[in-house]
Each structure stands twice: as structure tokens, then as C-alpha cells.
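No lab work stands behind these numbers, since they all come straight from the coordinates. Note that this is a predicted model, so its numbers are computed, not measured. Please note: Cβ atoms are built from the backbone with ideal geometry, for glycine as well, and neighbour counts cover all protein chains shown.
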Amino acid sequence: MRILVTGGYGFIGAAICARLFAQGHEVIGCGRRTGWARRRFPAWRWVSCDFNQDTKPQDWLDRLQDIDAVVNCVGVLQDGGRDNTQNAHVTGLQALLTACEMAGVDKFIHLSAIGANAAAGTKYAKSKHEGASLVSRSKLEWVVLEPSLVLDRNVYGGSALIRTLAGLPGLIPLVYGKTKFQPVYMGDLTQIVGRFLCEDAPVQVQVEIAGPETLTLQQIIDIIRRWLGFGVARFVNVPGWLVAPVFGLGDALGFMGIRNALRSTAKKQMQFDVGGDPGQVEKLLGYKSRPIEACFQSQPATLGDRMQARSGLISLFARIVLSLYWLLSGLIPLLFSKQGSFALLAGAGFPQNSYWAIWLFGALTDILLGGMLLFGVYVRRVCAAMILLTIGYVGIISYTMPTLWLDPLASVLKVFPMMALAALIAALEGER
């Protein structure tokens, strides 16, 4: 079959593409960042789409030529930046559904989520529920799949946060640790999608995809921690009101287009148990989802898995430290030591009429780069700029004031660890 997968480079979409490709299907991935997707997933074709802009059926018709089935994995947690829940889950979806009807697409599989209903009280849940209703009213041979919490060796968003928490040394702070889930392993979800694409599979069905066990968030983190080889977890429960500012900061970052798992939508959703009936899939397909712990233990954790768990905290700490270093490097001369800065420039032999320009440029550039890094804006480019500017600073100092290399406080030598830290942060940066 020739299958178009929207949201094809996402956490679930990429896994579905890989499964379908391995099964011999021709896979066409669809998403906003196709250049990045082609570099990471060169095995299948890519076409550009954007549910924010492709709001008319005509926008989709060329992409749907000779397509046998569509798997829709588009989803966003909360409004912010280029993400819009109504466009992603309703408006753009309606255009795609109508275009599929016009193009004669045989099957349409839609990924929703367990618990996506108006009772959850979030725009995410309401729009997801509305989107699933649109699919069920279409003229296509449709299937709506509602997975519970999806876990995998690969991580992103909420699953990445779970692994970071599992990798914390000592006590693990936990909010809503008693919330219950029936997690499903990614391999089971992709198998189920593949089976629903078969010619004899049932259609016009809305199916919950849940694991066979009910586990609390605390139990899930404990399973992941033991799989990583970090030993038994020790938890400390944290009240929701105490970490409210953290979720507020997450919302602010999300509004700026910086994706993160600590959003108020996630906080609200975490207050509800997420259960489902694994018997639905078994009855329709004869397929049984496996316990999460057994799935993880079937593939022992590697050094890369353990490093990923630890790096979640390390990279955050490193970014904060380096950001403050650059922010203070700009604020201190700007607010407190203008004359001292001018004296250094005079000692270095710079002409007097250049003092103001050099002082302002240096201070404001440091503040700009420190702020961008702190808020996660173009992290790799910012780190590269920091390294290049530091090399430039060292070169100028070596030429104009070489005696500073012998400063007993090592004022020049101390910048080299900061360059190494910037390189480390750039290497660890990555959404998916």
C-alpha cells in the first residue's frame, strides 16, 4: 500500500512510519519540517504540510494522488508559537478528511487519545474529542485509535520527562504520583496500526489502546529506573500548588514557541486517571498488548539510554549556568563598571572614541546570547556564537593585553571551560 502519515516525524508518527516501511509499504511522511525529516529519516519520501495553513480540501488533493491510506498522527499539547490545538485537531483535520473523500482514499486511521473529552477541561482534550467526532462522521473507511500513555525506548515530551525523573540521583520529587495509567508500549501500538490497515480489518470503529496493567506514575518511573540499572527509586511527593510556577514558566516558554512537557495542560491531564479496555483490540484483531515492564526488560538498557536519562537534568543545569555566566558578563559592566571597562580598553590601546561602541556591543551581545540560551531559542546557533565570540575575545586579549594570560585569577583561562560547556550543550540539544 502507499500510505501517507501526517505528523510523520513525531514521537508516534516516526515509529508508525518505520513499522509500515518494514512491512513493505510505500511510506510518505508529511510534516512541517521536511528538510530536517529527510536528513533523519531518508528511507521514505517526505512532503510538506501544515494544518495551520492547509485548511481547504484543495490544499491536500495533490498530496493524496494514488494514496491508498492515511494515518493521521498530528497532535499538539497546547497553543503557543506555531502550535494551535483547534487547527491541528479540528480545522486542518476537516480539510484533510474532505480531501480524502474527494480523492477516493480507501482507509483513514486517526490517532486520538484516551481521556480526550470535554470533561478533562482543556482545549487539548476538547479539540481532540471534536476531531475524533469529525472522523467518525466521515464517509471514509475510518478507524479512531485512542492510546493510553505510550512508552518506548525512544522518548519525547512526557516520556522524556519520565526518563529524566527516573535518572535523578537520591530522592525523586513527584507531582500526582498516584495518578493511574494503563501504559502501552510503542511496539504494540505500531503493530495494531499495521493490522488495522489490512484489507480484512474492521472499520468504522473507535478503539481504546491500553496496556494490560494499571500502574501509578510512581510505579512507571520505578520500572524505568530499574530497567536503566539505577536501583530502587525513592520518592518524595510534592503538592501541585508548590510547582505551579514551574508550569507557569512552561506555558510562557510554550507561548514563545519553545516546546516543553511542563505545561498547564499536562498538569490538568495528569490529575485524571487514564484507563482503557485492552480487550477491545483483542476482540477485534486477536492481538494482546504486553506488560510494560516485560517490554522494557526484553531489550536491556544501553549506555546511551542511561546517558539520556542523566543528560536531561545535566543539560538543563548546564544551560542555566552558562546562561547566567553570559547574562552577568553583560549586566555587570553595563550596570556597575562602565569606568572599569573604559580603563581596560584604554590599557589595551583602543582609541577613546571607540569606548562606548565596544562597551555597549559587548554588554548587549552577552545579555542577548545569555537570554536566548536561557529560554532555549536557537540553542545550537547560540552556543556556536558564544564559542566564536569567546575565541575572538581571547584573540584580541592575546594581541592587546597578553599579560592577562598570567593573571593569578586565571581570567583568560576560565573561558575555556565555558566554551567546552557550550559545545556540550549544543551536542545534547535535540527535541526528538
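A compact table of results
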item	result
For Ile209, distant residues with modelled amide H under 5 Å away	Glu146, Ser148
For the stretch 5-66 versus the stretch 331-380, the gap between their alpha-carbon centres in whole angstrom	45
In nm, spacing of pseudo-spin labels at Asp66 and Ala346 (7 Å Cα→C-beta vector)	7.6
Linear extension gain, Leu406 paired with Leu249, 0.36 nm per residue minus alpha-carbon span	52.3 nm
Nearest-ten-degree value, helix 379-400 long axis tilted from longest Cα axis of the chain	10
Efficiency of FRET between Leu368 and Ser264 - r from beta-carbon atoms, R0 30 angstrom, step 0.05	0.55
Around Val105: net Lys/Arg minus Asp/Glu count, Cβ-Cβ under 12 Å	-1
Rounded to 5, percent antiparallel among DSSP beta bridges of the chain	10
Folded to 0 to 90 degrees: helix 338-347 orientation relative to the chain principal axis, Cα	60
Label selected from (i) 1.05; (ii) 0.95; (iii) 0.98, the criterion being Rg/Rh (Cα atoms, Kirkwood Rh) as computed here	(i)
Protection proxy ranking, peptides 165-175, 376-386, 84-94, average beta carbon neighbours within 10 Å, highest first	84-94, 376-386, 165-175
Whole-number percent relative contact order across the chain, with pairs defined as alpha carbons under 8 Å at least 6 apart	13
Sites Lys283 and Ala423, calculated FRET efficiency, Cβ-Cβ separation with R0 51 Å, nearest 0.05	0.40
Computed label-point distance, nm, for sites Lys56 and Asn237 using a 7 Å Cα→Cβ extension	5.6
Charge dipole magnitude, Cβ of K and R +1, D and E -1 - the chain, Cα centre, debye nearest 20	860
